[in-house]
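Accompanying notes for the structure given below.
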Amino acid sequence: MNDPEHRDLEKLGHKLDEVRRREQARATPAAPTTLGIAFRFTTEMVTALVVGGALGWFLDWVFGVHFLVVVFFILGAAAGIRNTMRAATELNAEMGKAPPAPAIKDEDDEER
Amino acid sequence: MQINPMEQFRVEPLIPLHIAGYDVSFTNQALVMCVVVAAITIFMFVATSRRLLVPSRTQSLAEISYEFVGNMIQSAAGEEGFRFFPFVFAIFFFVLFSNFFGLIPGVFTITSQIAVTFALAALVILTVVLTGFMRHGIGFLKLFVPHAPFALLLLLVPIEVISFLTRPISLSVRLFANMLAGHTMLKVFAGFVIALGAAGGIFTGLALAPMLLIIAITLLELLVAFLQAYVFAILTCIYLSEALHLHDHH
């Protein structure tokens, strides 16, 4: 098992794995910057508040009452938190992708 | 000396045109849009014209972009999402090229206009809604009904509806605000350089500081330009995936 040819092949396999790993690291999209994440969460929260408020305002105007704007503003806040949690889940899933497995099974891999 | 950092966002008619009382003038914004679409088309045509087995540099660029969008759809929407490949590809490249073209000094940034980004976002959401209803019929409305006791549904359904309604707005506002903020910041610091440079004496030397900052911000803006196009496209995939599979990811 220790003939030079085999060792050469093994070395080549390791090199290939190394290149592939580097390639993979480059291929995965750039992780969003901290500012980007903050911005994403803020827009989710703020737009939900605005949409909730606007919807309440509109319904108030349609039905000629004055309390729906309050109700829908609060619902909008809830929707905003919901959106933010969703965005966080998506980001987590995106960032937590498992690294690629080595392409060549080495003997020392099996021993371990 | 007057330096207005917002002047760069002014839409100005190049060829005034009025049809049936509507102003449909060909503006600087429309011009850049045409340039962007032409640039994407030429790039893809040139890159795929020779179809070599061992790709040339431009061809491999086209192949990388194909794979990039393909992987994005695969991971966010699965096999079925590939039906929307042309749609997602077009959206991603339109936004990406618009952002990059906008970074060239003097070129109008079309994605800094809420009208443009909202039109794109509305297109995405309309596609999602149509796909949902065509696939699931009225059952698409189940998207708004989470698994919960009936009493809670009275509260949760409105929340889900509002949450859905915010999508086109957050999608468009995110892109628009990022571009607007970045380009305004660049112009503000550029204004500092000019003002300090003109002040004379020790201030002229100080002008170097905002100059260096501009270089740093421009690099950051390059990253933002790509990232925002990516976020726009991946969210399109996620929303499409929801319409296709109706899975609730709670």
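Regarding B:PRO158, is this residue touching a Leu at 6+ places or on another chain (Cβ under 6 Å), within 14 Å of chain A (Cβ to nearest Cβ) and in contact (Cβ under 8 Å) with a residue 60 or more places away in the chain? Please lay out each step first, then the result.
Values: touching a Leu at 6+ places or on another chain (Cβ under 6 Å): yes; within 14 Å of chain A (Cβ to nearest Cβ): yes; in contact (Cβ under 8 Å) with a residue 60 or more places away in the chain: no.
Spelling it out, it is not the case that B:PRO158 is touching a Leu at 6+ places or on another chain (Cβ under 6 Å), within 14 Å of chain A (Cβ to nearest Cβ) and in contact (Cβ under 8 Å) with a residue 60 or more places away in the chain.
Quick one: which residue in B:PHE140, B:PHE144, B:PHE150, B:PHE176 is modelled with pLDDT of 90 or more and among the aromatic types (Phe, Trp, Tyr)? Can you show your working first?
Details: B:PHE140 fails: modelled with pLDDT of 90 or more; B:PHE144 fails: modelled with pLDDT of 90 or more; B:PHE150 fails: modelled with pLDDT of 90 or more.
Of B:PHE140, B:PHE144, B:PHE150, B:PHE176, the one residue that is modelled with pLDDT of 90 or more and among the aromatic types (Phe, Trp, Tyr) is B:PHE176.
So for the range B:83-102 (the condition being closer than 30 Å to A:GLU94 by Cα, touching a residue at least 24 places away in the same chain (Cβ under 8 Å) and more than 15 Å from the chain's Cα centre (by Cα)), does at least one residue qualify?
yes
Tell me, which residue of the range A:33-52 that is more than 17 Å from A:LEU75 (Cα to Cα) and surrounded by 18 or more Cβ atoms within 10 Å (Cβ to Cβ) is farthest from the chain's Cα centre (by Cα)?
In this case the residue turns out to be A:PHE39.
Yes/no matrix, rows are residues, columns are (1) more than 18 Å from B:ALA181 (Cβ to Cβ); (2) more than 11 Å from every other protein chain (Cβ to nearest Cβ); (3) at pLDDT below 90:
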residue: A:GLU18; (1), (2), (3): yes, yes, yes
residue: A:ARG22; (1), (2), (3): yes, yes, yes
residue: A:PRO32; (1), (2), (3): no, no, yes
residue: A:LEU35; (1), (2), (3): no, no, yes
residue: A:GLY52; (1), (2), (3): yes, no, no
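Residues checked against (1) touching a Ser or Thr at 6+ places or on another chain (Cβ under 9 Å); (2) surrounded by 14 or more Cβ atoms within 10 Å (Cβ to Cβ); (3) of a type outside the set (Phe, Trp, Tyr); (4) assigned to a helix (DSSP H, G or I):
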{"residue": "B:PRO5", "(1), (2), (3), (4)": "yes, yes, yes, no"}
{"residue": "B:VAL11", "(1), (2), (3), (4)": "yes, no, yes, no"}
{"residue": "B:LEU14", "(1), (2), (3), (4)": "yes, no, yes, no"}
{"residue": "B:ILE40", "(1), (2), (3), (4)": "no, yes, yes, yes"}
{"residue": "B:PHE43", "(1), (2), (3), (4)": "yes, yes, no, yes"}
{"residue": "B:LEU53", "(1), (2), (3), (4)": "no, no, yes, no"}
{"residue": "B:VAL69", "(1), (2), (3), (4)": "no, yes, yes, yes"}
{"residue": "B:ALA90", "(1), (2), (3), (4)": "no, yes, yes, yes"}
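Given (1) over 27 Å from A:THR84 (Cβ atoms); (2) within 11 Å of chain A (Cβ to nearest Cβ), identify the lone condition not met by B:ARG167.
Only one criterion in (1) over 27 Å from A:THR84 (Cβ atoms); (2) within 11 Å of chain A (Cβ to nearest Cβ) is unmet by B:ARG167, namely (1).
The values are calculated or read from the model by the stated rules, or taken from the named source; none is laboratory data. All values reported here derive from a predicted model rather than from experimental measurement. Virtual Cβ from ideal backbone geometry, glycine too; neighbours counted across all protein chains shown.
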